[in-house]
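Engineer: Below is one structure. I have some questions about it.
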Amino acid sequence: MENQCSQIMMFRSKLKSKLDPMRYEHSLSVSFTCLNLAMCHGYDMDRAELAGLMHDCGKRYPDEVILKKCNKHGIELSESELETLPVIHAKYGAWLAEKSIILWTGRFWMPSAATPQAGLR
Ligand SMILES: [Fe+2]
């Protein structure tokens with residue numbers, strides 16, 4: 001079984017192949033910021049790093065394409081989201097991140113469930 005460090009490296013590699021270079025660098029920077037914030041505030045650092053890394057994974061398509069993908073996959077959008085299409089990448093990204101992680105690892109990646117750490121949220 002891979003350890004969490006090699007899994008996060010695999011996630012980085014996969015994401016790098018999917019995003020444009022600027023978006024990937026941004027995602028990497030956000031993941032480091034999330035990791036640091038988690039360390040300072042006692043949150044699960046692996047989850048925080050993964051969340052930061054994947055936070056913009058839905059931004060690789062234009063808004064109209066994301067809207068079609070949401071409709072295709074039954075991702076419900078509110079009226080306010082439909083009126084403000086640039087925000088729908090977040091909801092599509094959450095769906096895509098979950099599907100991608102399952103595809104890449106064969107399961108939903110839950111480091112805290114695998115290794116409970118007292119005191120971490
Ligand atoms: Fe972002």
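Engineer: Going by how many other beta carbons lie within 10 Å of each one, how would you line up Asp46, Asp63, fewest first?
Structural biologist: In order of increasing Cβ crowding within 10 Å: Asp63, Asp46.
Engineer: How much mean residue ellipticity at 222 nm does the chain get from its helices, if each DSSP H run of length 4 or more adds -39500 (n - 2.57) and you divide by all residues, to the nearest 500 deg cm²/dmol?
Structural biologist: When only DSSP H runs of four or more count, the value is -21000 deg cm²/dmol.
Engineer: Which of Met10, Leu85, Cys70 sits farthest toward the positive end of the charge dipole of region 4-112, with +1 on the Cβ of Lys and Arg and -1 on the Cβ of Asp and Glu?
Structural biologist: The residue sitting most towards the positive pole is Met10.
Engineer: Then there's this: Could you give the dipole magnitude of the chain about its Cα centre, charging the beta-carbon of Lys and Arg +1 and that of Asp and Glu -1, in debye to the nearest 20?
Structural biologist: So the dipole magnitude of the chain works out to roughly 400 debye.
Engineer: Would you mind ranking Phe11, Phe32 by Cβ crowding within 10 Å, fewest neighbours first?
Structural biologist: Phe32, Phe11
Engineer: Further, regarding this structure: For the pair Asn71 and Lys18, how long in nm is the line joining their label points, each one 7 Å along Cα→Cβ?
Structural biologist: A separation of 2.3 nm, rounded to one decimal place.
Read-outs: derived from the displayed coordinates by stated rules, not from any lab. Source: prediction; values computed, not measured. FYI the Cβ positions are ideal-geometry reconstructions off the backbone, even for glycines, and counts take in every protein chain you see.
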